[in-house]
Amino acid sequence: MADSSMDIVSKVDRQEADNALGQAAKELATRFDFKGTETTIEWKGELGVEISSSTEDRAKAALEVFREKLIKRGVSLKSFNAGDPRVSGKDYKINGEFKAGISQEQAKKIGKIIRDEGPKNVKTQVQGEELRVTGKSRDDLQAVQQLLSESDLDFAVQYTNYR
């Protein structure tokens with residue numbers, strides 16, 4: 001029987017993030033406490049988000065609304081980094097960005113966790129911005145998934161190409 005494998009990746013479901021942004025924009029347009037503050041949220045590039053408001057407090061509140069929508073849509077907050085509010089003309093702006101891909105250090109960290117605490121007959125291999133995990137049985141791969149979900153990683157991981 002052939003070995004089972006899966007890929008560990010860190011990516012954002014762009015459609016879900018877009019839905020969360022749309023819901024947040026709609027809520028900002030209709031909520032009473034945002035009336036007259038000219039608060040907006042929009043995409044800046046492929047993975048960037050910009051929040052703009054006339055007051056710093058409303059900009060921070062808009063960021064919280066967006067984070068709530070991300071949670072409801074199942075997008076991990078570990079994959080979204082937001083900066084501090086900064087003054088831009090007469091507005092306050094907050095720039096945020098979604099992180100995608102697993103860096104070499106993160107891949108090494110995951111590999112070390114799997115080697116130290118995971119099943120003994122599981123191998124890991126870095127492939128660009130993802131990590132391939134190979135094992136004799138699917139049970140071993142599920143044990144790795146359980147191990148990583150219990151680990152306190154500072155980035156979001158998903159599992160793809162489960163064979």
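No value in this document is a laboratory result; all are computed from the given coordinates. Only a predicted model underlies this, so the values are computations on that prediction, with no experimental measurement involved. No Cβ is skipped: glycine too gets one built from the backbone with ideal geometry, and neighbour counts run over all protein chains shown.
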Notebook entry, point to check: At what distance in nm do the modelled label points of GLN145 and ASN19 sit from each other, each positioned 7 Å from its Cα along Cα→Cβ?
Noted result: 2.0
Item checked: Residues of region 130-162 with amide N under 17 Å of the 7 Å Cα→Cβ point at LYS112 -> 148, 151-155
Check: Considering the dipole of the chain built from charges on the beta carbon (Lys and Arg +1, Asp and Glu -1) around the Cα centre, which of PHE66, LEU47, PHE32 is farthest to its positive end?
Finding: LEU47
Next item on the list: Would you pull out the residues with amide H under 5 Å of PHE80's amide H, same chain only if 5 or more places away, H placed 1.01 Å from N?
Entry: LYS99
Check: Cα atoms only, region 23-79: Rg and Dmax in Å?
Finding: 11.2, 32
Next item on the list: Express in % the proportion of alpha carbon pairs of region 50-107 at distances exceeding 18 Å.
Entry: 41
Next item on the list: Along Cα→Cβ, 7 Å out, is where each label goes; now give me the distance between the ones at THR160 and LYS78 in nm to one decimal.
Entry: 1.7
Next item on the list: Would you mind getting me the FRET efficiency between LYS120 and ALA100? Use the beta-carbon distance for r and R0 = 30 Å, nearest 0.05.
Entry: 0.45
Check: So what's the gap between the Cα centers of region 94-116 and region 3-20, to the nearest angstrom?
Finding: 13
Note to self: I'd like to know how the chain sits against the 2.2 N^0.38 Å rule of thumb: what's its Cα Rg over that expected value?
What the structure shows: 1.28
